[in-house]
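What follows is a short report on a single structure.
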């Protein structure tokens with residue numbers, strides 16, 4: 001079955017140029033690359049592709065396991081409920097949470113952040129308090145805090161970056177104080193690829209008793225995020241950026257905050273008792289999952305977790321690091337191409353500018369050579385304003401990319417620059 | 001569109017207009033209209049000097065891709081000297097043509113090219129950006 005993204009390719013009659021292209025051992029597990037072996041998919045920060053195992057799990061659920069969870073007193077429903085809760089346990093194990101009851105399912109990272117802002121922080125934030133975020137944040141981990149701070153008369157403090165694009169940690173330490181009621185930062189910047197030292201960020205915040213929310217959307221697929229070791233208070237990530245389905249995400253809540261997360265939406269499936277006068281609610285995570293759950297999304301997420309678990313992540317990190325180094329060298333060797341920031345702690349995400357050519361034009365021409373990249377502000381307007389760049393072309397790598405695709409990227413950029421001049 | 005077709009369109013029409021846009025400067029004007037696409041960051045301001053409801057002098061300035069800049073440049077050049085009503089109708093006709101993919105309803109070759117560029121995947125917003133902003137401004141002004 002083709003997903004929507006593939007259908008779009010078909011409708012737009014894309015014919016990628018024929019390169020002699022050998023799929024790497026990882027990409028053979030991804031049906032999209034069998035369909036389009038010439039596609040150099042370098043937009044993994046926007047969404048990853050899905051392995052066959054995930055697509056099969058979702059298909060299998062709809063074909064032979066479909067029923068709504070909870071309260072259905074028949075085999076299919078019981079089985080669906082068991083699988084749904086098994087997925088919660090698998091996610092808990094995946095990030096080293098102490099229990100499945102720390103794991104709530106949401107629509108994605110954005111909703112997870114909003115839940116914490118509205119259901120946890122809103123009731124404890126007062127005038128004179130502050131929230132600390134970083135300039136690297138995606139709007140999803142920026143606007144919910146900005147809006148809440150405005151509403152409560154609190155201060156939004158923003159950790160700056162240095163000239164490389166790494167967080168200015170001494171400045172961060174100055175920003176956190178006794179009035180800090182939340183520190184919210186990403187693990188990896190979706191625009192610059194900066195890897196933030198979240199262990200240090202969390203440790204500093206905890207010296208002031210400030211809880212920390214980590215946006216792990218860009219890191220969850222390949223980086224260890226052990227809850228017991230890192231001791232973050234809240235963690236958010238999305239299924240679709242870790243080879244899983246769209247529309248499903250996770251909110252981890254640490255033990256000490258479980259009773260402080262109130263309902264976010266109101267509806268069925270989250271109540272203890274409803275009378276005409278009032279309603280009492282069950283606890284997190286069930287109080288988060290009002291209405292019908294995205295059961296197939298959760299099943300697909302479980303399959304994605306299992307897919308990642310069977311990979312040798314240390315080996316892949318080493319390969320990705322080498323590919324990232326290769327990409328950096330090639331990009332820097334092209335006259336007219338500038339990597340806007342190169343953080344010292346860097347993952348496989350690059351934002352570049354091409355002299356005199358707007359990112360949209362660059363992306364459109366790369367597309368004609370079968371290279372998929374993203375152009376724009378990447379939902380990080382404060383960051384781009386800060387570094388004085390209106391928009392960038394973003395290249396983001398995954399384990400199924402290889403050097404031949406980066407060679408093609410270089411050739412295509414050189415041809416475009418030559419054409420433009 | 002094939003790569004060769006895109007290259008040819010860029011070479012013949014888009015790049016010349018992009019490299020030498022018409023009346024591309026900030027000016028003190030009677031009216032200005034902002035055209036902004038928050039998804040990509042393209043941002044232009046169109047400046048109008050009116051003489052008896054006539055768009056006597058039109059300028060623009062800002063940042064954007066080659067297509068949005070070329071499209072805005074063509075728009076500015078074409079509407080100069082029109083009345084506000086004529087400009088509103090002109091924008092409306094162009095937007096209708098682009099929304100229906102019917103370049104034949106337009107007589108202006110440059111506009112036909114812009115409508116054809118609609119088939120350049122994902123770029124229709126770049127073409128329409130300033131046209132929509134100006135149309136909304138004039139429509140609200142007259143209503």
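The criterion of at least 2 residues that are more than 29 Å from residue A:53 (Cβ to Cβ) and not assigned by TED's automatic domain parsing to the domain that holds residue A:375 is met, among strands (runs of 3 or more DSSP E) falling completely within the stretch A:185-272, by A:212-215.
Of A:51, A:31, which residue is free of Cβ contacts under 8 Å to residues at least 40 places away in the same chain and buried (at least 17 other Cβ atoms within 10 Å of the Cβ)? Even if it seems obvious, please write down each step before you answer.
Working: A:51 fails: free of Cβ contacts under 8 Å to residues at least 40 places away in the same chain.
Residue meeting the stated conditions: A:31.
Mind checking whether some residue in the stretch A:293-305 is out of contact with any helix residue (DSSP H, G or I) (no Cβ under 8 Å at 6 or more places or on another chain), surrounded by fewer than 22 Cβ atoms within 10 Å (Cβ to Cβ) and more than 13 Å from residue A:85 (Cα to Cα)? Among the residues of the stretch A:293-305, not one is out of contact with any helix residue (DSSP H, G or I) (no Cβ under 8 Å at 6 or more places or on another chain), surrounded by fewer than 22 Cβ atoms within 10 Å (Cβ to Cβ) and more than 13 Å from residue A:85 (Cα to Cα), which makes the answer no. Considering A:366, A:416, the condition of being within 20 Å of residue B:10 (Cβ to Cβ), in a helix (DSSP H, G or I) and at the interface with chain B (Cβ under 10 Å from one of its Cβ atoms) is satisfied by A:416 alone. Scanning the stretch A:376-413 for residues that are surrounded by fewer than 24 Cβ atoms within 10 Å (Cβ to Cβ), within 12 Å of chain B (Cβ to nearest Cβ) and not in a loop (DSSP other than H, G, I, E, B) yields A:376, A:381, A:384, A:385, A:412.
Of the residues making up the stretch A:189-222, those that are closer than 18 Å to residue A:249 by Cβ and in contact with a strand residue (DSSP E or B) (Cβ under 8 Å, 6 or more places away or on another chain) are A:190, A:213, A:214, A:215, A:216, A:217, A:218, A:219, A:220.
Of the residues B:42, B:110, only one is in contact (Cβ under 8 Å) with a residue 12 or more places away in the chain and in contact with a strand residue (DSSP E or B) (Cβ under 8 Å, 6 or more places away or on another chain); which?
Values: B:110 fails: in contact with a strand residue (DSSP E or B) (Cβ under 8 Å, 6 or more places away or on another chain).
Just one listed residue meets the conditions, B:42.
Answer yes or no: is there a residue in the stretch A:188-207 that is modelled with pLDDT of 95 or more, over 24 Å from the mean Cα position of the chain (by Cα) and crowded, with 21+ Cβ neighbours inside 10 Å. Checked against the condition, which is being modelled with pLDDT of 95 or more, over 24 Å from the mean Cα position of the chain (by Cα) and crowded, with 21+ Cβ neighbours inside 10 Å, the stretch A:188-207 yields no hits at all.
Condition check ((1) in contact with a helix residue (DSSP H, G or I) (Cβ under 7 Å, 6 or more places away or on another chain); (2) modelled with pLDDT of 95 or more) across all residues:
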position	(1), (2)
A:41	no, yes
A:58	yes, yes
A:73	no, no
A:117	yes, yes
A:121	yes, yes
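Scanning the stretch A:326-347 turns up no residue that is in a helix (DSSP H, G or I), within 14 Å of another protein chain (Cβ to nearest Cβ) and either out of contact with any helix residue (DSSP H, G or I) (no Cβ under 9 Å at 6 or more places or on another chain) or at negative phi (or both).
Listed by position, the helices (runs of 4 or more DSSP H) inside the stretch B:4-112 whose residues that are within 14 Å of chain A (Cβ to nearest Cβ) and either surrounded by fewer than 16 Cβ atoms within 10 Å (Cβ to Cβ) or at pLDDT 85 or above (or both) number at least 1 are B:15-19, B:66-79. Evaluation of residue A:354 against the conditions (1) more than 10 Å from chain B (Cβ to nearest Cβ); (2) under 19 Å from residue A:32 (Cβ atoms) shows that the sole unmet condition is (2). Does the stretch B:136-143 include one or more residues that are under 19 Å from residue B:59 (Cα atoms), crowded, with 20+ Cβ neighbours inside 10 Å and away from chain A (no Cβ under 14 Å)? Yes, the stretch B:136-143 has at least one match.
Pull up the stretch B:122-134, narrow it to residues that are touching a residue at least 60 places away in the same chain (Cβ under 8 Å) and within 14 Å of chain A (Cβ to nearest Cβ), then point me to the one that is farthest from residue A:372 (Cα to Cα). Steps first, answer last, please.
First, the residues of the stretch B:122-134 that are touching a residue at least 60 places away in the same chain (Cβ under 8 Å): B:125-127, B:129-134.
From the residues that got through so far, the ones that are within 14 Å of chain A (Cβ to nearest Cβ) too are B:125-127, B:129.
Working: B:125: 19, B:126: 19, B:127: 21, B:129: 24 Å.
Within the stretch B:122-134, the match that is farthest from residue A:372 (Cα to Cα) is B:129.
Looking at A:261, A:276, can you tell me which residue is at negative phi and free of Cβ contacts under 8 Å to residues at least 40 places away in the same chain? Reasoning before the result, please.
Working: A:261 fails: free of Cβ contacts under 8 Å to residues at least 40 places away in the same chain.
It is A:276.
For the stretch B:55-68, the criterion of being in contact (Cβ under 8 Å) with a residue 40 or more places away in the chain and farther than 24 Å from residue B:12 by Cα is met by none of the residues.
The values are calculated or read from the model by the stated rules, or taken from the named source; none is laboratory data. Source: prediction; values computed, not measured. Ideal geometry is used to build each Cβ from the backbone, glycine not excepted, and the neighbour counts take in all protein chains shown.
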